[in-house]
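Peer 1: Sharing a structure, written as structure tokens. Questions coming.
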Amino acid sequence: MKLSIIIIIAIAIVLGIYELIHRFMIKRAIRIVQHQAQVQTDRVVYAASEALFGQNRFGNSKLVADIWGKGVMSFEYDIDLKQMPSESQEQMEEQTFQSTLNRCAKKEGVLGFGGAKEPFMITDWWVFENVLHIDVTYIMNEATAEYVHDLHKLDAGSK
């Protein structure tokens, strides 16, 4: 009787340790992939900013994927509109920026998930307190492609 209780406790401890190690390894792998995607996205966003304005106007990006899911590669960028000349502000349109992003991505050799022609999509664009916030999504995996697809369904349903 005592031996069977000891065996059950030992198995429970081993399974618990295995689960902790497994979770740690998965979280670490996800963080590595997110960081690589962020570096790649930063490089393309900064190149697009330089192509449009002659210099990079963006600060550091922030990951917004924790809100939407672990595999979603979406990053937020901010531009202080007070620091931009008015002619640059006039050039700053969502469609223009997205097409410039994808042109720069093509130059850099960045490919999207499943060979998508446009690996980057602007998924949010808003101004608050004279700061333009842009969410740029790097469609590099299935989770991100599904996220973008779901956003399109939401947009279609709200119209």
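Peer 1: Can you list the residues, at least 5 places off or on another chain, whose amide H is less than 5 Å from the amide H of Val64, using H built in the peptide plane?
Peer 2: Under 5 Å from the amide H of Val64: Ser74, Phe75, Glu76.
Peer 1: Let me ask something additional. Report ³J(HN,Hα) in whole Hz for each residue of the stretch 129-136, in order, from the Karplus equation J = 6.51 cos²θ - 1.76 cosθ + 1.60 where θ = phi - 60°; Gly and Pro get x.
Peer 2: 6, 6, 10, 7, 10, 10, 9, 10
Peer 1: By how many nm would the segment from Arg23 to Leu154 grow when fully extended, if each residue of separation counts as 0.36 nm and the alpha-carbon distance is taken off?
Peer 2: On the way: separation 131, 0.36 × 131 = 47.16 nm, distance 3.20 nm.
Result: 44.0 nm gained on full extension.
Peer 1: Please calculate how many Å² of accessible area the chain carries per residue, with a 1.4 Å probe and no DNA, RNA or ligand atoms counted.
Peer 2: Spelled out: the 1.4 Å probe surface of the chain, per residue, equals 65 Å².
Peer 1: To the nearest 10 degrees, how steep is helix 94-108 against the longest Cα principal axis of the chain, on a 0 to 90 scale?
Peer 2: Helix 94-108 sits roughly 70 degrees off the main axis of the chain.
Peer 1: Going down the table (Lys82/Lys106; Lys70/Lys117; Lys82/Lys117; Lys82/Lys153; Lys70/Lys153), which pairs top 29 Å between alpha carbons?
Peer 2: Values: Lys82/Lys106 31 Å; Lys70/Lys117 24 Å; Lys82/Lys117 34 Å; Lys82/Lys153 34 Å; Lys70/Lys153 20 Å.
Listed pairs above 29 Å: Lys82/Lys106; Lys82/Lys117; Lys82/Lys153.
Peer 1: Could you state how much accessible area Ser61 has, in square angstrom rounded to the nearest 10, with a 1.4 Å probe and all protein chains kept in place?
Peer 2: 20 Å²
Peer 1: Still on this model: Tell me which of Ile17, Thr137, Ala116 sits at the most positive position along the dipole axis of the chain, charges placed on C-beta atoms (Lys, Arg +1; Asp, Glu -1).
Peer 2: Going by the Cα projections, it comes out as Ile17.
Peer 1: Roughly how much of Leu15 is accessible, in Å² to the nearest 10, using a 1.4 Å probe?
Peer 2: Near enough 110 Å² of accessible area.
Peer 1: What list of ³J(HN,Hα) couplings, whole Hz, do you get for the stretch 138-146 from phi and the Karplus terms 6.51, -1.76, 1.60, once you set θ to phi - 60° and write x for glycine and proline?
Peer 2: In residue order, the calculated couplings are 9, 7, 10, 8, 5, 4, 6, 4, 5 Hz.
Peer 1: Using a simple charge model, +1 on the beta-carbon of Lys and Arg, -1 on the beta-carbon of Asp and Glu, nothing else, what dipole does the stretch 16-135 show about its Cα centre, in debye to the nearest 20?
Peer 2: Values: 13 positive and 16 negative charges, 150 e Å.
Roughly 720 debye for the stretch 16-135.
Peer 1: Cα axis of helix 2-53 to longest principal axis of the chain: angle in degrees, 0 to 90, nearest 10?
Peer 2: Helix 2-53 sits at roughly 10 degrees to that axis.
Peer 1: Can you give me the % of accessible surface on the stretch 1-49 that is carbon or sulfur? Probe 1.4 Å, all protein chains present, nothing else counted. If you can, show how the numbers build up before the last one.
Peer 2: Numbers: 2900 of 3800 Å².
Percent of accessible area from carbon and sulfur atoms in the stretch 1-49: 76.
The values are calculated or read from the model by the stated rules, or taken from the named source; none is laboratory data. For clarity, every value in this text was computed on a predicted model and none was experimentally measured. Positions of Cβ are generated from backbone atoms using ideal geometry, with glycine treated the same way; all protein chains shown enter the neighbour counts. Keep in mind that these areas ignore ligands, DNA and RNA; they rest on the heavy atoms of the full protein, side chains included. Shrake-Rupley method; radii C 1.70, N 1.55, O 1.52, S 1.80 Å.
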